[in-house]
Amino acid sequence: MVVKIFLMKKIITMMVLFSPLFWRGAGGEAAAQQLPLFSQYMLNDYFQNPAVAGSRPYFDAISANRLQWIGITDAPRTYALSLHGPIKGKNMGVGGYLFTDVTGPTRRIGFSGSYAYHIKLNDDIKLSLALSAGVVQFAVDASKLTLENTGDYVFANGYQSKLVPDLGTSFYLYSKPKENGTGNWWFGGYVPQIFPAKLKLFDTPSPTGSLATHFYFMGGYKMFLTDEFALEPSLMLKLVSPTPPQIDLGARIFYKNKIWIGATYRTKDAISAMLGYTYKDNLTVGYSYDITTSNIRNYSNGTHELIIGLRFKAPKDPELAPVVE
């Protein structure tokens, strides 16, 4: 009987702790995606790869806001803020981001800073290598749960949180735009949560779980079709054990590098439509709407995502060139 009660408590605790992971699933398939998800990854690329810092001749501040699965109570809500740019006169870049991700009774708050060093491979191509370090706070508010046994001592303390370190490494290989207008390309990878820190919440004799090491790979190519129009296909691959790989395929069409429309397809999850506008090369606004393709579409009214970007403090350094507009 004692063993049965202990196992029940363990199962409940695991479900509470990893409820965001199941929310991230495709309406019936559990997913181990622990980090925030964004459809407009091409606008918020530093968040997906800190080695981007310093690859452009300006500092970039990005605010990303995502409301997932409108119409479902306690569905994921994600807010992120990032800042990155070059160190003037150096082949280096620095940056950092802050995010909060809320799903039902669980909340994750994370901060990470990064340093990148850019190596010139030839006149057109550079390689950026970066290290990042930060912390993640994982919290559960058990007072928002309805339990079969209301006197369960494991949940006697309604709010529990755990602070763990987050270390990552990344690379970013990119070309600068050609003078003949043939465009530029980029490819990179990011591995956050290299060391799977243990998580222990509530009064359990062993760790409740651990952070999962993620692998992100992202690439794209911007080609100029005419003097006014450009096409930018892109791809993101996300790997995290033990779930199947997830792929985002996207493309944007630009008009005068100011206005764009586009779409992405995320395997076993959603199709996204997006549009955006850049004002005077300083202010960028992007919006996307996700149409869920999994079984959860019967209960959701879609997902809204808004990204606002601000460019400033552009140093005069001809060696640095923007990768995407």
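The values are calculated or read from the model by the stated rules, or taken from the named source; none is laboratory data. Model, not experiment: these values are computed from the prediction. All Cβ positions, glycine included, derive from the backbone under ideal geometry; neighbour counts span all protein chains shown.
For segment 168-176, the criterion of being assigned to a loop (DSSP other than H, G, I, E, B) and either over 22 Å from the mean Cα position of the chain (by Cα) or modelled with pLDDT under 90 (or both) is met by at least one residue. For residue 281, the criteria (1) farther than 22 Å from residue 60 by Cα; (2) modelled with pLDDT under 95 hold in every case but one, which is (1). Hey, can you tell me all the residues within segment 90-108 that are under 16 Å from the mean Cα position of the chain (by Cα) and surrounded by fewer than 17 Cβ atoms within 10 Å (Cβ to Cβ)? Residues satisfying the conditions are 98, 100.
With the structure loaded, tell me whether residue 241 is modelled with pLDDT of 95 or more and either under 16 Å from the mean Cα position of the chain (by Cα) or not charged (D, E, K, R) (or both) or whether it fails that test. So residue 241 does not fit the description; no. A search for C-beta distances below 9 Å between a residue of segment 285-303 that is within 29 Å of residue 60 (Cβ to Cβ) and free of Cβ contacts under 8 Å to residues at least 40 places away in the same chain and any residue that is among the charged types (D, E, K, R) and outside any strand (DSSP E or B), counting only pairs 6+ apart in sequence or on different chains, returns 291/297.
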